[in-house]
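Taking it in order: structure first as structure tokens, then the write-up.
Each value in this text was obtained by applying a stated rule to the coordinates, not by laboratory testing. Since this is a predicted model, take the numbers as computed values, not measurements. A quick note on method: Cβ atoms are made from the backbone with ideal geometry, for glycine too, and the neighbour counts reach across all protein chains shown.
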Amino acid sequence: MVPKDILQAIKQMTGFTDLEIGIVLQYFEPKNFKKKTTLLEAGSTAKEVYFILNGCIRLFYEKDGVDVSAYFFTEKMFAGAYDSFITQKTSRHAIETIEDCQVLAISYKALQALFIEFPKMNEFVRKVLEERFVSLHELFTAQILDSPEERYLNLLKERPELLHRVPQHQIATYLGITPVSLSRIRNRVAKK
């Protein structure tokens, strides 16, 4: 059962009527995952994407033996390796839960069937992907143009809840810095 506040959020996000949301939800499967569950291994193909009801999911990759966080998904967000999901090719990323998670999962096959039954879903998915593209573009640009402290301050402003939910070493790699540098930046910011 989807909580009423989540249904309301979906209605606001989509503009779908109660009847339309009922059609869409038939294609999703409620799932619960424990903390530190691997949802996708690098080198595998993403078979599902997840709408997060509760919890936090991390998209990451490994480079030279170092685990690097690429993105954090939280409540009312779609989580997944979209490039792999859309193309049905192997992913360079891995996905894991950071907290216990309650999600609505949709498979690639179910989404394709939903597009046929409910064409209005195409527009919604396009909007979700556009939002994700803009977010990732901002992250990419920040890695090039902003100092580590500016990236930290932006995270503090835009997504402060992550600082309490995500281990600091994962926050550090997300910001493109070492945990020691993150600690120094946090101390400097706290003193200001």
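Quick look at the values:
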{"quantity": "Residues H164, H137, H169 arranged by fewest to most Cβ contacts within 10 Å", "calculated": "H164, H137, H169"}
{"quantity": "Cβ-based exposure ranking for C101, C56, in which fewest neighbours within 10 Å come first", "calculated": "C56, C101"}
{"quantity": "Ratio of Rg to Rh over segment 57-181 (Cα coordinates, Kirkwood Rh, two decimals)", "calculated": "0.99"}
{"quantity": "DSSP loop GluC sites (Glu not before Pro) with at most 13 other Cβ within 10 Å: longest gap in the chain", "calculated": "42-160"}
{"quantity": "Average Cα contact separation per residue, the chain, under 8 Å, 6 or more apart, as relative contact order %", "calculated": "23"}
{"quantity": "Taking the convex hull of Cα positions in segment 4-135, its mean projected area over all directions (nm²)", "calculated": "7.9"}
{"quantity": "Cα-projected label distance for K76 with I21, points at 7 Å along beta-carbon direction, nm", "calculated": "1.2"}
{"quantity": "Order of D64, D18 - criterion: other Cβ atoms within 10 Å of each residue's Cβ, fewest first", "calculated": "D64, D18"}
{"quantity": "Set of lysines with alpha-carbon distance to K36 below 22 Å, sequence-local pairs under 8 removed", "calculated": "K47, K63, K76"}
{"quantity": "Virtual spin-label span in nm between K192 and T87, 7 Å along Cα→Cβ", "calculated": "3.9"}
{"quantity": "Convex hull projection area averaged over all views, segment 121-162, Cα basis, nm²", "calculated": "3.4"}
{"quantity": "Förster radius 35 Å - calculated FRET efficiency between T37 and N154, Cβ distance, rounded to 0.05", "calculated": "0.75"}
{"quantity": "Cα-projected label distance for D67 with H169, points at 7 Å along beta-carbon direction, nm", "calculated": "0.7"}
{"quantity": "5 angstrom amide H check on V49, placed H, neighbours 5+ away", "calculated": "I106"}
{"quantity": "Candidates per trypsin sites (Lys or Arg not before Pro) in segment 23-89, loop by DSSP, up to 12 other Cβ within 10 Å", "calculated": "K34, K35, K36, K89"}
{"quantity": "Where N is the number of residues in segment 146-192, Cα Rg divided by 2.2 N^0.38 Å", "calculated": "1.01"}
{"quantity": "Surrounding net charge for Y82, when Lys and Arg each add one and Asp and Glu each subtract one, Cβ distance under 14 Å", "calculated": "+2"}
